[in-house]
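The structure under discussion appears below in the form of structure tokens.
Every number here is computed from the coordinates shown, using simple stated rules; none is lab data. From a predicted model like this one, the values you see are computed outputs, not experimental measurements. Glycine gets a Cβ as well: all are built from the backbone with ideal geometry, and neighbour counts include every protein chain shown.
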Amino acid sequence: MSVWAVLAAAGSGERLGADRPKAFVRLGERVLLAESLERLDACRRSSSPKNSAAAR
């Protein structure tokens with residue numbers, strides 16, 4: 001089974017009060033885009049639901 005994901009990395013960051021595009025706003029030590037990619041990659045390696053109620 002193939003599963004695809006689209007990571008939307010758009011937005012000016014204006015509503016966040018940022019001076020750069022939203023994808024490059026810092027979230028702790030990293031930019032939002034890098035954090036999102038890492039979390040998406042972690043989901044790819046997960047083979048079971050994290051929420052037992054969702055598995056039913």
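Under 5 Å between amide hydrogens, built in the peptide plane, is the criterion, and for residue 13 it picks out 22 among residues at least 5 positions away or on other chains. The ranking of 3, 31 by Cβ neighbour count inside 10 Å, starting from the fewest, reads 3, 31.
Each residue of region 18-26 was assigned a 3J(HN,Hα) from its phi angle through the Karplus curve 6.51 cos²θ - 1.76 cosθ + 1.60 (θ = phi - 60°); the sequence is 8, 9, 8, x, 3, 4, 9, 6, 6 Hz, with glycine and proline shown as x.
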